[in-house]
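Notes follow the structure.
The values are calculated or read from the model by the stated rules, or taken from the named source; none is laboratory data. None of these values were measured; they are calculated from a predicted model. We place every Cβ from the backbone using ideal geometry, glycine too, and count neighbours over all the protein chains shown.
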Amino acid sequence: MTDTDLKTRYERDGYLVLERAFDPGEVGTLVEEAVRICRGELGDIHGALPAGSADTDDDVLRRFLCIHYPHKLSGLMLATMRHPAIVSALTSLIGPNVKAMQSMLFIKSEGEPGQAWHQDEMFIPTRDRSLAAAWLALDDATIENGCLWVLPGSHRSGVLYPNREHDDPRYDCTVESYGFPFDDSDAVPVEIAAGSVLVFNGYLLHRSLPNTGRHGYRRALVNHYMSAESLLPWDAPPEGTNMAQADYRDIVLVAGTDPYEYKGLQEARRPRVRPNRDGGCDR
């Protein structure tokens, strides 16, 4: 697919798939690294239970739904943020200068919940609508094990829809978007093979359903990116700084140059677990 084809499809649908961008060896190495992360071998994860020496890998993995910021623990996860197949697509879609600000390692074993309809840009606000996710499947993602569903074209209006708390047991603690002019019948499941990458726009409405398989995982590594030219008002600005100048600087430059390099970098957040409704939601 040419760069023009990529951009045309992305602008039209709000998403595209990079088929088998990672080879089986790369995927296998990432799966092994995920076990090390979940065992706590690479550093502390806020909210995680310690792994015991008698715990099997399955015992440990099934304690997690999602770990935020694994790239802060693992050099391999950090290198994956800069993988040529992902960066090549992003520079075609976003521009030559691209930065990343978040990674998430989803485990999602059988019975674990999905996420309600939402837009990533509601959680990670950019100044130029350039937010994009790169969702790398570490297992074949299927309807049965809880693949992503998307509402094609829902990004085009550039509207962030309202959101609310919910008590739907199919979903984790993330709030749900509502009031948008689409029905569930418009949704498309994105079933992809392990090693493939789903790239989607920060305004695209998407969700996932529980893993209803009898046994097994739907593991995925998800990284978020945006134009390095855009400020990132993710946190409230310090006193004396107006919101237009707010700029979160816990970032990783993955392509080109950073026009705000003079501001320096900071360590603002640390690896943590995501609540999965087991024991309630920490609001």
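Answer with yes or no whether Ala100 is within 19 Å of the chain's Cα centre (by Cα), assigned to a helix (DSSP H, G or I) and either among the hydroxyl-bearing types (Ser, Thr, Tyr) or under 30 Å from Ser157 (Cβ atoms) (or both). When the stated conditions are applied, Ala100 does not pass them. Does any residue of the stretch 212-234 turn out to be in contact with a helix residue (DSSP H, G or I) (Cβ under 7 Å, 6 or more places away or on another chain) and surrounded by fewer than 16 Cβ atoms within 10 Å (Cβ to Cβ)? No, every residue in the stretch 212-234 fails to be in contact with a helix residue (DSSP H, G or I) (Cβ under 7 Å, 6 or more places away or on another chain) and surrounded by fewer than 16 Cβ atoms within 10 Å (Cβ to Cβ).
Condition test on Asp128, is it in contact with a strand residue (DSSP E or B) (Cβ under 9 Å, 6 or more places away or on another chain), closer than 18 Å to Val175 by Cβ and touching a residue at least 24 places away in the same chain (Cβ under 8 Å)? Explain how you work it out, then say what you get.
Details: in contact with a strand residue (DSSP E or B) (Cβ under 9 Å, 6 or more places away or on another chain): yes; closer than 18 Å to Val175 by Cβ: no; touching a residue at least 24 places away in the same chain (Cβ under 8 Å): yes.
Spelling it out, it is not the case that Asp128 is in contact with a strand residue (DSSP E or B) (Cβ under 9 Å, 6 or more places away or on another chain), closer than 18 Å to Val175 by Cβ and touching a residue at least 24 places away in the same chain (Cβ under 8 Å).
Is it true that some residue in the stretch 173-184 is among the small types (Gly, Ala, Ser), over 19 Å from Ile94 (Cβ atoms), buried (at least 17 other Cβ atoms within 10 Å of the Cβ) and at pLDDT below 95? Taking every residue of the stretch 173-184 in turn, none turns out to be among the small types (Gly, Ala, Ser), over 19 Å from Ile94 (Cβ atoms), buried (at least 17 other Cβ atoms within 10 Å of the Cβ) and at pLDDT below 95.
The residues of the stretch 236-278 that are hydrophobic (A, V, I, L, M, F, W, C), in a loop (DSSP other than H, G, I, E, B) and out of contact with any Pro (no Cβ under 8 Å at 6 or more places or on another chain), listed by number, are Ala236, Ile251, Leu265, Ala268.
Scanning the stretch 244-255 turns up at least one residue that is charged (D, E, K, R), surrounded by 16 or more Cβ atoms within 10 Å (Cβ to Cβ) and over 19 Å from the mean Cα position of the chain (by Cα).
In this entry, Pro233 passes the filter for residues that are in contact with a Pro (Cβ under 6 Å, 6 or more places away or on another chain), assigned to a loop (DSSP other than H, G, I, E, B) and farther than 30 Å from Asn145 by Cβ.
I'd like to check something: does the stretch 100-115 contain any residue that is under 23 Å from Arg9 (Cα atoms), out of contact with any strand residue (DSSP E or B) (no Cβ under 9 Å at 6 or more places or on another chain) and either among the aromatic types (Phe, Trp, Tyr) or surrounded by fewer than 18 Cβ atoms within 10 Å (Cβ to Cβ) (or both)? Talk me through it step by step, then tell me what you get.
Initially, the stretch 100-115 is screened for residues under 23 Å from Arg9 (Cα atoms), giving 100.
Retained after the next criterion (residues that are out of contact with any strand residue (DSSP E or B) (no Cβ under 9 Å at 6 or more places or on another chain)): none.
Taking every residue of the stretch 100-115 in turn, none turns out to be under 23 Å from Arg9 (Cα atoms), out of contact with any strand residue (DSSP E or B) (no Cβ under 9 Å at 6 or more places or on another chain) and either among the aromatic types (Phe, Trp, Tyr) or surrounded by fewer than 18 Cβ atoms within 10 Å (Cβ to Cβ) (or both).
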